[in-house]
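Read the structure below first, then the notes.
The values are calculated or read from the model by the stated rules, or taken from the named source; none is laboratory data. The shown structure was predicted, so the numbers you read here are calculated from the model rather than taken from an experiment. Using ideal geometry, Cβ is built from the backbone for each residue, glycine included, and neighbour counts are taken over all protein chains shown. Quick note on the areas: whole protein, heavy atoms, side chains included, nothing else; ligands and nucleic acids left out. Shrake-Rupley method; radii C 1.70, N 1.55, O 1.52, S 1.80 Å.
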Amino acid sequence: MAHMAHLKLAPAPPQLDPAKLAPFVDPLPIPAVAKPVGTRLNAVHKQVPLYRIPIQEFFSKIHRDVPATRFWGYGGSVPGPTIEARSGVEIAVDWPNHLPAKHFLPIDHNLMGAEKGRPESRTVVHVHGAKVPPASDGWPEAWYGPGKSATFSYPNEQEAAQLWYHDHAMGINRLNMCAGMAGLYTIRDSFEDALNLPQGDHEIPLVLMDRMLRADGQIYYPVAQNSEAPWVPEYTGNAVLINGKLLPYLDVQARKYRFRILNASNSRFYFLSLSNGQALQQIGSDQGLLSAPVAVNRLDLAPGERADVVVDFSDHRGAKILLANFTSMLMQFRVAGEKVDDSTVLPQTLRPVTRLKESDAVVTRQLTLDEIDNLLDEPAIHLLDGKHWHEPISERPELGSTEIWEFLNTTDDTHPIHLHLVRFQILDRRVIDVTALVYDKKLVYKSEAFPPEPNEAGWKDTVRATPGASTRIIVKFEGYTGRYVWHCHILEHEDNEMMRPYEVVVQAKR
Ligand code: C2O
Ligand code: CU
Ligand code: CU
C-alpha cells in the first residue's frame, strides 16, 4: 500500500481484537430495498415516486459477541436501504435529518467549513455517480441541521450502474461517513436485463467499510496529539465490516452469483481474492458494464470504487471459500452440497464501450495533486492544483464538450479522484519526474504511457491517480450546467482541502 507520513496521534483507548472473535457466526445481511412513500410533482409537473429516508442514530450488532455499536446512518441500518431505480425513470427522495445535536466523533474546527458555531450534526446527501441537476447533487456547503430536510430529484437518465449515496457535508464528511452514512443506489436498464445475469437471491451487494472499534464495540476515530487540531491524514480500522457485519458468512448454492462490491471505507484500499484461487469474473466497474468480462485474481478497489463480479460456485459443492483482503479474511462463502440448475449466463460480451477520441478533446487541463507537510514533516494538507476550496473556480468545461484532465500526482500516495456529474474513461498513466515538476515547474515524462488495466477500461467516475505519475482521463461533460465538485475520495484528504468546485457552463457560440 502507499506510504503515508504519520502524524503523532493521541493515545487510543483499548481496541477490539477481531482475531479473538469467533469468525463466521453471523449471516451476511442484505440491506432492505427502499419503498416509495408516495409521489411528488417534478419540475415539469409530472408525478414521480417519492422516497423518504431519514438520517438518524441507531444501534446495530456488528457481531454476535460484540455489544451493539452506535451508528449514524440512513433508515436505521448500515448500509442504508438500497434504492432500486430504472434508467429513464425519475424519482425524488426526501432526506430528513433526525440526528441528535452533538456529534459523537471528533470535529476539527480548523477545517474549512467546520468552523465553530455551525450545527455539529449537519448533513447533505450526494448520490455518487449520478447525473443530476446541481441543486440535487449534494453541494458540500448546502448542508442542513437536525429538524430540517431536503428533497432531491434523481432523473436516472443514465445506463445501468451500481451507484451509492453518502453524506457530503463540508469539513465533517469523513466523520459522518465513518459514523455509517452510506447506502446503495442501483440503476437497472433493459439492456442489462436481457443479458440474463444472476439476479434476485443470486445478486448480492458487498459493501466494505473498515472501522476502528474499541473493545466495547464502539466506533473510534483517532485524533492528533494537538487537541486543537485533531485532524488525521488517514483512517484505517482494525475491523472490516461487510454490509455492517464483522466476519459474516453467506450460504450459497452451487451456481453463479453476481456480487456488487463497493469500497465505502474512508481511506482503506482493498486487494480482494478468493481463498481457493478462483478468479473473479469482473463484468462492470463504477459506471456500469465492461465491454466483456475480465478474469481478475486480485481485485483492487480504492475508496469510492465499485466492481461488479460474477463468481461461479458450481464446481465447488460443499466447499467453504473465503473472501480475503491480502492475507486477512473478510467473509466466508458456504457452498451447498446439492447440484442446482442454473440458467443464468456469464456472457462473452457485455455492453460495447465506445472509446472517446483524444482528438475530440477541446481542452487539456494539467492538475497537480499536492501534499504540503508542516515543520515536523507531518502531512498538513493536500491540495488539488495547488488551490484551496474557497479559491475562485478554475475548471469551467462547456456543456457537451470533451476534455482531458491530466492528474500529476507529486505525492507518495495513490489518490482516488472522483468527479461529480460525469462518467469518464481512463486514457493512460505515465511515470513523471516529480522533482522537476515541483521545483522547476517542468513536466518531464520518465516512462512510456501505460493503458488502463482491462478492468479499468470501462466507464469510470473514480480513478486511482498513482504516486509519481500522470493519470489522464477523458470526459464528456453532459447533462447539466452548474456547479459541481471534484475531489480525492480518501475522505480525510477531501475534508482538508483536497476538493475543488468546478462549473459546467453553457457552450459559447462559435
Ligand atoms: Cu462519493 Cu463527492 O463523492
Ligand atoms: Cu460523487
Ligand atoms: Cu487523497
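For this structure, a couple of remarks:
- When residue 52 is tested against (1) open to solvent by 80 Å² or more (accessible area, probe 1.4 Å); (2) over 23 Å from the mean Cα position of the chain (by Cα); (3) free of Cβ contacts under 8 Å to residues at least 60 places away in the same chain; (4) farther than 20 Å from residue 205 by Cβ, exactly one condition is not met: (2).
- Qualifying residue in the stretch 427-444 (condition: under 30 Å from residue 135 (Cα atoms), in a strand (DSSP E or B) and hydrophobic (A, V, I, L, M, F, W, C)): no
- Across the stretch 286-298, the number of residues qualifying as assigned to a loop (DSSP other than H, G, I, E, B) and surrounded by fewer than 15 Cβ atoms within 10 Å (Cβ to Cβ) comes to 2.
- Test: residue 241 is farther than 30 Å from residue 116 by Cβ and either open to solvent by 10 Å² or more (accessible area, probe 1.4 Å) or in contact with a strand residue (DSSP E or B) (Cβ under 8 Å, 6 or more places away or on another chain) (or both): yes
Table: residues versus (1) more than 16 Å from ligand 1 (Cβ to nearest atom); (2) farther than 19 Å from residue 366 by Cβ.
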residue	(1), (2)
425	yes, no
435	yes, no
439	yes, no
446	yes, no
450	yes, no
462	no, yes
465	no, no
499	no, no
508	yes, yes
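- If you go through the stretch 114-124 and keep only what is in contact with a Phe, Trp or Tyr (Cβ under 7 Å, 6 or more places away or on another chain) and either over 18 Å from residue 501 (Cβ atoms) or open to solvent by 40 Å² or more (accessible area, probe 1.4 Å) (or both), you end up with 122, 123.
- Selection from the stretch 10-49 of residues that are open to solvent by 50 Å² or more (accessible area, probe 1.4 Å), under 22 Å from residue 213 (Cα atoms) and of a type in the set (D, E, K, R): 17, 20
- Members of the stretch 177-191 that are in a helix (DSSP H, G or I) and open to solvent by less than 10 Å² (accessible area, probe 1.4 Å): 177, 178
- Residue in the stretch 406-415 that is outside the structural domain of residue 160 (by TED's automatic domain parsing) and either among the small types (Gly, Ala, Ser) or within 16 Å of ligand 2 (Cβ to nearest atom) (or both) present: yes
- Restricting attention to the stretch 392-420 and to residues that are open to solvent by 10 Å² or more (accessible area, probe 1.4 Å) and of a type in the set (A, V, I, L, M), the residue that is farthest from residue 437 (Cα to Cα) turns out to be 399.
- Residue within the stretch 84-101 that is hydrophobic (A, V, I, L, M, F, W, C), in contact with an Asp or Glu (Cβ under 7 Å, 6 or more places away or on another chain) and buried (at least 17 other Cβ atoms within 10 Å of the Cβ) present: yes
- In the stretch 161-171 there is no residue that is open to solvent by less than 40 Å² (accessible area, probe 1.4 Å) and more than 20 Å from the chain's Cα centre (by Cα).
- Among the residues of the stretch 249-266, those identified as buried (at least 23 other Cβ atoms within 10 Å of the Cβ) and either outside the structural domain of residue 320 (by TED's automatic domain parsing) or not hydrophobic (A, V, I, L, M, F, W, C) (or both) are 263, 265, 266.
- Taken over the stretch 457-496, the residue count meeting the criterion of being closer than 22 Å to residue 141 by Cβ, open to solvent by 20 Å² or more (accessible area, probe 1.4 Å) and not in a strand (DSSP E or B) is 3.
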